[in-house]
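**Q** First the structure, which I've put down as structure tokens, then a few questions once you've had a look.
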Amino acid sequence: MEKFRPQFHFTPEENWMNDPNGLVYHNGYYHLFYQYYPDDTVWGPMHWGHAKSKDLLHWEHLPIALYPDSLGYIFSGSAVVDKNNTAGFGENALVAIFTYHNPEIENKGSDRFQTQGIAYSTDGGETWDKYTGNPVLQNPGIRDFRDPKVFWNDQKSKWQMVLAAKDHVQFYESVNLKDWSLISKFGFNDDPLLGVWECPDLFKLKVDGTEEEKWVLIVSHGGESAPNGGSGTRYFVGEYDGTTFTTDQNESQWLDYGTDNYAGVTYNNTPDQKRILIGWMSNWNYATKTPTEKWRSAMTLPRELELVKKNRGYLLKSKLIDAFEKMTSLVPANELMGVYPTGFTYEDLSQSLLSLDVSIKDSLRIELSNHSGDKYVMGYEMANGTFYLDRGQAGSLDFSEPYEKTSRQTMDIGSQEKLSLQIAIDASSIEIFINDGEYVMTTQVFPKHKFTEFKILNPEKITINDFFLKKVNVDDAEN
């Protein structure tokens, strides 16, 4: 096995990958397209790579779906099932909507180098044809004009698109996926400004336990905007009347407070109507420098999004999907060497799911380690309501100054007397889900050897209500 190759996260077989694209369910498969450069392990002329899965966890790699052409590179976008043949490509055709990025126009100094195009497949996504009338949406003179997310609006019987446009998003609609009309814009008074808006998404969710429905707008930022530095994704909860999005929110809310969940978008056409998100598990501050060799970058675990109402307002929860739990098996306590459950050794924690439910007197400190002396620490301080992680002693750091600079990361979750944690550990990542996903921190980590030791550093400060260690069974996975 290649060092650092994840065992239950999606990775390309080789070379460079970034944003997830075209997330759509069709004919029994979840399709994952992604930004892909097949000739190197760093960013280059973008293609759409392609894979499919029946459970979002075991993936079949497929041939490249979309190649650059005379109109430009193939940047991010979405895909839909055209059930009523509105575009004329065929009933139930898959239609991809993506950004063309034309480097020749960009090099001439024009801001109009990004336009929107479409392609279609009538064989379940196996092969693709680009529409001869591309681009279907010209650039009005906005330098960053990209990442279309398209969905069907039942109330208006029209296709609608949310599109990133520099420092805001724009909304368009169409009856045929070919002719688009601008209907509104949405921006936010950020102070300071958070930079270019990217990879938007818009969807409706019921508030958990109620009949109330709200709309959620997701947008990513690739600069220095995120709470712990570099790339990140935030969300707005509000209303959408089919034309205009509004929100009472007065501050940013972030989908994930770790440094390695970016450009996430959700699936269209899911069979159970669940809202499933996958993000790119990296950060533009160091994405091209991470210490892997044959391949670079992974996707996050798929997450089911739910909306809850709390004292602070609405929270967008990110929960592990049910299929992931089914992929795990309980490790009996007699297989763990040490003082279970406050400290023990296991042969391979780097392919596991830790579940911990605790009552806290004033703090919690947890350490994952190995025989090489690598240590990954996470914890919670009740006095200031801060959850933190520290990867500063967890293996390779010197490949990137920004990576090393963000070794310690923090998140404000307020005063909590009880915490439930789910910690998904793979070969080069740790995803921490707090209180059933109300708060999440995702980080890459590159230890010298697999983590084998778990320790609660201050057991006298807590009461353990429940603890499980589960092995993630990936013998039949194809990553």
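**Q** Between Thr443, Thr463, which is closer than 19 Å to Phe324 by Cβ and either free of Cβ contacts under 8 Å to residues at least 60 places away in the same chain or of a type in the set (S, T, N, Q) (or both)?
**A** Every option except Thr443 fails the conditions.
**Q** Which members of the range 175-231 meet the condition of being in a strand (DSSP E or B) and either aliphatic (A, V, I, L, M) or not assigned by TED's automatic domain parsing to the domain that holds Gly258 (or both)?
**A** Once the filter is applied, which keeps residues that are in a strand (DSSP E or B) and either aliphatic (A, V, I, L, M) or not assigned by TED's automatic domain parsing to the domain that holds Gly258 (or both), the range 175-231 yields Leu182, Ile183, Leu202, Leu205, Val207, Val216, Leu217, Ile218, Val219.
**Q** Here's a follow-up. Consider Gly22 carefully, then state whether it is surrounded by 20 or more Cβ atoms within 10 Å (Cβ to Cβ) and on the phi > 0 side of the Ramachandran plot.
**A** It is true that Gly22 is surrounded by 20 or more Cβ atoms within 10 Å (Cβ to Cβ) and on the phi > 0 side of the Ramachandran plot.
**Q** Please tell me if Glu347 is under 17 Å from Tyr439 (Cβ atoms), of a type in the set (D, E, K, R) and out of contact with any Phe, Trp or Tyr (no Cβ under 7 Å at 6 or more places or on another chain).
**A** So Glu347 fails the test.
**Q** If you don't mind, there's one more thing I want to ask. In the range 439-473, what residues are surrounded by fewer than 18 Cβ atoms within 10 Å (Cβ to Cβ) and within 26 Å of Gly264 (Cα to Cα)?
**A** Asn473 - this is the single residue of the range 439-473 that is surrounded by fewer than 18 Cβ atoms within 10 Å (Cβ to Cβ) and within 26 Å of Gly264 (Cα to Cα).
Each row is one residue, and each column tells you yes or no for (1) under 30 Å from Phe203 (Cα atoms); (2) modelled with pLDDT of 95 or more.
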site	(1), (2)
Phe324	yes, yes
Tyr340	no, no
Arg365	no, yes
Met382	no, yes
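**Q** Here is a check on your reading of the model: is Gly44 among the small types (Gly, Ala, Ser), modelled with pLDDT of 95 or more and assigned to a strand (DSSP E or B)?
**A** Here the answer is no, as Gly44 does not meet what is asked.
**Q** Okay, next question. Filter the range 332-382 for residues that are over 17 Å from Lys450 (Cα atoms) and in a loop (DSSP other than H, G, I, E, B) and give the result.
**A** Those that are over 17 Å from Lys450 (Cα atoms) and in a loop (DSSP other than H, G, I, E, B): Pro332, Tyr340, Pro341, Thr342, Lys361, Asp362, Met382.
**Q** Please find, within the range 433-477, the residue that is nearest to Arg408 (Cα to Cα) out of those that are in a loop (DSSP other than H, G, I, E, B) and touching an Asp or Glu at 6+ places or on another chain (Cβ under 6 Å).
**A** Ranking the candidates gives Pro447 first.
The values are calculated or read from the model by the stated rules, or taken from the named source; none is laboratory data. These numbers were taken from a predicted model, which means no experiment stands behind them. Virtual Cβ from ideal backbone geometry, glycine too; neighbours counted across all protein chains shown.
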